[in-house]
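The structure appears below as structure tokens.
The values are calculated or read from the model by the stated rules, or taken from the named source; none is laboratory data. Just so it is clear, the model here is predicted, and its values are computed rather than measured. Here the Cβ is made from the backbone with ideal geometry for all residues, glycine too, and neighbour counts use every protein chain on show. Just so you know, the surface numbers come from the protein's heavy atoms only, side chains and all, with ligands and any DNA or RNA stripped out. Shrake-Rupley method; radii C 1.70, N 1.55, O 1.52, S 1.80 Å.
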Amino acid sequence: MAGLSEGRLEVRLTERVRGELRPRVNTTLETLQASLDEVGRLLADLAKGRFGGSLQRRGQGAFGKLEEDVDQTSRSLSEAVRQISSAVAELAAGHLDTPMPHALDGEFESLRQHFNTALQSLAGIVQQAQRSALAVAGDSARMSEGSDQLNSRSQTQAASLEETAAAMEELAASVRMADEQAEQATRDAGSVQA
């Protein structure tokens, strides 16, 4: 019994203990050892990030209650990790409209709420950026249209200036020709009078 008081469950009552007590105590110790081994295996899996496991055997009484509590803990952790993983995968795929819908246990519920709040904030930021981009695109289109109109008016004015310059050149040529003809007429008139 000294080994048992030290936490060593592999000890057994020997043949020196007679009667019904020995097999009952030994069976109890075997059941306790098997139950704790299963609980230890499941907890080790959880510690390594392997979720979704459950206990293979079921004890009775206090052992059964312990195993059920450990199984419930495993299921709760598995559900939390599954939901978080799924939500993060949706976010990574660019889906900003997929919150974590189901309440979780304990601190995981706070994590779920913070994730959903962050997701809403991120979606709002993206929507604002999209609205700003559309506004910039609209302003850019209006500026381009205004630039095109200004270019068209400038081309029209340039053409008018070219026409005016051509008309001025014609007028100047006509004036030169009229001046030359007037000079010729003056010479001709001077020679006729002489």
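Just a few scattered comments:
- Relative to the 2.2 N^0.38 Å rule of thumb, the stretch 39-81 has a C-alpha radius of gyration ratio of 1.09.
- Helix-only [θ]222 nm of the chain, DSSP H runs n ≥ 4, -39500 (n - 2.57) each, per residue, nearest 500: -28500 deg cm²/dmol
- Length released on extending from VAL25 to SER132, taking residue separation times 0.36 nm less the Cα-Cα span: 30.9 nm
- Full-stretch length increase - LEU43, ALA185 - with 0.36 nm per residue and alpha-carbon distance subtracted: 38.6 nm
- Taking amide hydrogens as placed 1.01 Å from N in the peptide plane, the amide H of LEU104 sits under 5 Å from those of GLU109, each at least 5 positions away in sequence or on another chain.
- The chain - convex hull of alpha carbons, volume per residue in Å³: 167
- Carbon and sulfur %, accessible surface of the chain computed with the full protein complex present, 1.4 Å: 57
- Angstrom value of the Kirkwood radius, inverse mean 1/r, which spans all Cα pairs in the stretch 36-110: 13.8
- Take the Cα of LEU150, go 7 Å toward its beta carbon, and the backbone nitrogen atoms of the stretch 115-141 under 19 Å from that spot belong to 136-141.
- Taking θ as phi - 60° and the Karplus parameters 6.51, -1.76 and 1.60, the scalar couplings of the stretch 113-127 work out to 5, 5, 4, 5, 5, 4, 4, 5, 4, 4, 4, x, 5, 5, 5 Hz in sequence order, x denoting glycine and proline.
- Residue-normalised accessible area of the chain, expressed per residue, 1.4 Å probe, Å²: 73
- Sequentially through the stretch 36-53, phi angles give Karplus couplings (6.51, -1.76, 1.60; θ = phi - 60°) of 5, 4, 5, 4, x, 4, 5, 5, 5, 4, 4, 5, 8, x, 9, 9, x, x Hz, Gly and Pro residues having no value and appearing as x.
- Karplus-derived 3J(HN,Hα) values for the stretch 92-108, using 6.51 cos²θ - 1.76 cosθ + 1.60 with θ = phi - 60°, are 4, 7, x, 8, 8, 10, 10, x, 7, x, 9, 4, 10, 8, x, 5, 5 Hz; glycine and proline are entered as x.
- Length-normalised contact order for the chain - Cα pairs under 8 Å, 6+ apart - percent: 9
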